[in-house]
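The values are calculated or read from the model by the stated rules, or taken from the named source; none is laboratory data. In this text the structure is predicted, and so the values were computed from the model without any measurement. FYI the Cβ positions are ideal-geometry reconstructions off the backbone, even for glycines, and counts take in every protein chain you see.
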Amino acid sequence: MELQLLHSQVFGDVAVVSRLYDIGEADPVIQEIIDNAPSEVGTSEVTGILNARGLMTRDLGYYSYKGSATTPPCAEPVDWFIMLEIGTVSQAQVDALKAITGDNNRPLQALGGREVFTSGSRTGP
């Protein structure tokens, strides 16, 4: 699973911080998102406040590249930052998120000559 935090400026600059997850232990912050999310696909009413700091990892290392948005019109450029540390979520959490968002993944795209950079380590402090 992938969680994307979209950051945009008035002038159109866009950056996405992305965190990847494997199936395993439930994540309490992901559970907060589920508990406060809309109950139906296509609605946008959210309750509660989320402290996104809980989504950060001990290891602040990341991959970065210039790419495109994952939602139509899939515009470029977008500065991508993919956190190196992979989190875990339970299968029940994945199922709950799919019930809220539906299948919203974009097919993988070719690298297309993009350079991918790494900052930090995979081992943490």
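Taken over segment 35-45, residues that are assigned to a loop (DSSP other than H, G, I, E, B) and either touching a helix residue (DSSP H, G or I) at 6+ places or on another chain (Cβ under 6 Å) or at pLDDT 80 or above (or both) amount to 1.
When you scan segment 51-66, do you find a residue that is in contact with a Pro (Cβ under 8 Å, 6 or more places away or on another chain), free of Cβ contacts under 8 Å to residues at least 60 places away in the same chain and over 15 Å from Leu5 (Cβ atoms), even just one? Taking every residue of segment 51-66 in turn, at least one turns out to be in contact with a Pro (Cβ under 8 Å, 6 or more places away or on another chain), free of Cβ contacts under 8 Å to residues at least 60 places away in the same chain and over 15 Å from Leu5 (Cβ atoms).
Does Val10 satisfy the condition of being of a type in the set (A, V, I, L, M, F, W, C) and within 25 Å of Ser119 (Cβ to Cβ)? It is false that Val10 is of a type in the set (A, V, I, L, M, F, W, C) and within 25 Å of Ser119 (Cβ to Cβ). Within segment 20-34, the set of residues being within 11 Å of the chain's Cα centre (by Cα) and surrounded by fewer than 15 Cβ atoms within 10 Å (Cβ to Cβ) comprises just one member, Leu20. Taking (1) assigned to a loop (DSSP other than H, G, I, E, B); (2) surrounded by fewer than 17 Cβ atoms within 10 Å (Cβ to Cβ); (3) touching a Leu at 6+ places or on another chain (Cβ under 9 Å) in turn, Leu5 satisfies each apart from (1).
Is there a residue in segment 11-19 that is in a loop (DSSP other than H, G, I, E, B), surrounded by fewer than 17 Cβ atoms within 10 Å (Cβ to Cβ) and on the phi < 0 side of the Ramachandran plot? Taking every residue of segment 11-19 in turn, at least one turns out to be in a loop (DSSP other than H, G, I, E, B), surrounded by fewer than 17 Cβ atoms within 10 Å (Cβ to Cβ) and on the phi < 0 side of the Ramachandran plot. State whether one or more residues within segment 51-59 are under 24 Å from Leu108 (Cα atoms) and more than 16 Å from the chain's Cα centre (by Cα). Taking every residue of segment 51-59 in turn, none turns out to be under 24 Å from Leu108 (Cα atoms) and more than 16 Å from the chain's Cα centre (by Cα). Within segment 76-125, the residues that satisfy the criterion of being more than 12 Å from Tyr65 (Cα to Cα), among the polar types (S, T, N, Q) and touching a strand residue (DSSP E or B) at 6+ places or on another chain (Cβ under 9 Å) are Thr88, Ser90, Gln91, Gln93, Asn105, Gln109.
In segment 57-76, which residues are surrounded by 14 or more Cβ atoms within 10 Å (Cβ to Cβ) and more than 12 Å from Leu20 (Cβ to Cβ)? Matches in segment 57-76: Asp59, Leu60, Gly61, Ser64, Tyr65, Gly67, Ser68, Ala69, Thr70.
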